[in-house]
Ligand code: HEC
Ligand code: HEC
């Protein structure tokens, strides 16, 4: 490293330790430098999701009703909200390693959160759906999820309902035949575009020096310096690229080959979408197979597998403290 970088890093270290010991004058200085460095990698979540400007309130209302609609599953037992719980301020997940479908059979992958999903560059762990609309068409017909036989059956149920015909008409006022499978997915997507988290970390990025405590600031600094932002970057701190799990040291579970199933390219073996770390403390367990039980374990494994680094307990604690500052201020885990 050249002298300039060395000076920068050592002065950061001094200022950070000053911050930890609580020296007021220097805390301000340090926090400003840290904020500038953070903003180069991570930006506040926008107020709205891409596409939300065009969503009518009536489309969002319909989408919300459909998100909770159990009749969209073959035996009337399951809605989107069974695996991605968003009511009662929950975090868009079921907090299970893998989820049970309508028939009680479990899938192979962990349910990711629907919160902020509309900010991601593609949907699913392997990115096989290009957006929320394409994604929403999947689970209803997936035999281990909601297991409906076909699109026609879904549309038939919606048409036979007392309320849906009116609601679809209001949601898609320009269309002659508004009840169809595509519009079902469009409405659900419109609702999902309202699911944005708000956290203390964004308050910090936007200028509130008191939003994070000393340990969280230290964790943020570590997150930026140790290399996590090579992959977890941008406003969603992830959700915008594919990377191999086990880049430097292999991941123990090799059952799921990842994105290679979508592209057929050798290069995509064990590659998954880098998950967003917004709200991550509430969405345990972790990884595509739900095998990392808590955040400490996920952080420790990440540093070792992806960066070849063995973190101390102290470092894991501060990184975990920082990740906790990314939790939505009002939401909580399901169990
Ligand atoms: C039985 C549980 C289950 C049900 C019901 C279910 N999902 Fe999912 N969902 C999953 C799982 C598991 C994944 C990840 C699958 C994968 O990546 O291969 C997923 C992925 C997603 C994603 C992608 C998120 C991301 O970060 O990539 C979205 C969005 C989503 N589901 C929305 C919905 C909607 C909308 C419904 C209702 C129409 C629904 N889900 C019903 C289990 C479920
Ligand atoms: C080379 C890219 C890369 C680097 C560097 C990296 N990660 Fe990850 N991270 C990923 C990928 C890919 C996944 C998803 C892996 C999977 O489940 O298959 C992931 C998953 C996670 C998860 C679990 C999220 C969830 O919802 O399941 C956490 C927490 C996490 N990373 C934190 C970190 C931290 C902290 C660092 C720095 C110490 C870090 N990561 C460095 C690529 C990376």
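The values are calculated or read from the model by the stated rules, or taken from the named source; none is laboratory data. These numbers were taken from a predicted model, which means no experiment stands behind them. Cβ: placed from backbone, ideal geometry, glycine included. Neighbour counts: every protein chain shown.
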- request: Output the number of the condition that residue 127 fails; it satisfies all remaining conditions of (1) surrounded by 16 or more Cβ atoms within 10 Å (Cβ to Cβ); (2) more than 7 Å from ligand 1 (Cβ to nearest atom); (3) under 20 Å from residue 67 (Cα atoms).
  value: (3)
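For (1) more than 12 Å from ligand 2 (Cβ to nearest atom); (2) surrounded by 15 or more Cβ atoms within 10 Å (Cβ to Cβ), each residue gets a yes or a no:
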{"position": "208", "(1), (2)": "yes, no"}
{"position": "222", "(1), (2)": "no, yes"}
{"position": "235", "(1), (2)": "yes, yes"}
{"position": "244", "(1), (2)": "no, yes"}
{"position": "256", "(1), (2)": "no, yes"}
{"position": "265", "(1), (2)": "yes, no"}
- prompt: Could you say which residue among 170, 185 is in a helix (DSSP H, G or I), at pLDDT 95 or above, in contact with a helix residue (DSSP H, G or I) (Cβ under 6 Å, 6 or more places away or on another chain) and surrounded by fewer than 20 Cβ atoms within 10 Å (Cβ to Cβ)?
  reply: 170
query: Quick one: which of 88, 64, 78 is touching a strand residue (DSSP E or B) at 6+ places or on another chain (Cβ under 9 Å) and surrounded by 15 or more Cβ atoms within 10 Å (Cβ to Cβ)?
result: 78
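Among the listed residues 122, 136, identify the single one that is crowded, with 16+ Cβ neighbours inside 10 Å, touching a strand residue (DSSP E or B) at 6+ places or on another chain (Cβ under 7 Å) and under 27 Å from residue 232 (Cα atoms).
122
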task: Check 68, 119 and return the single one that is closer than 18 Å to residue 326 by Cβ, assigned by TED's automatic domain parsing to the domain that holds residue 172 and within 14 Å of ligand 1 (Cβ to nearest atom).
output: 119
field: Leading residue by the ranking (farthest from ligand 1 (Cβ to nearest atom)) among those in the stretch 297-318 that are touching a residue at least 24 places away in the same chain (Cβ under 8 Å) and under 18 Å from the mean Cα position of the chain (by Cα)
entry: 299
- prompt: Restricted to the stretch 83-104, and to residues that are at pLDDT 95 or above and more than 15 Å from ligand 2 (Cβ to nearest atom), which residue is nearest to residue 290 (Cα to Cα)?
  reply: 85
query: Residues in the stretch 139-156 that are assigned to a helix (DSSP H, G or I) and within 22 Å of residue 100 (Cβ to Cβ): how many?
result: 5
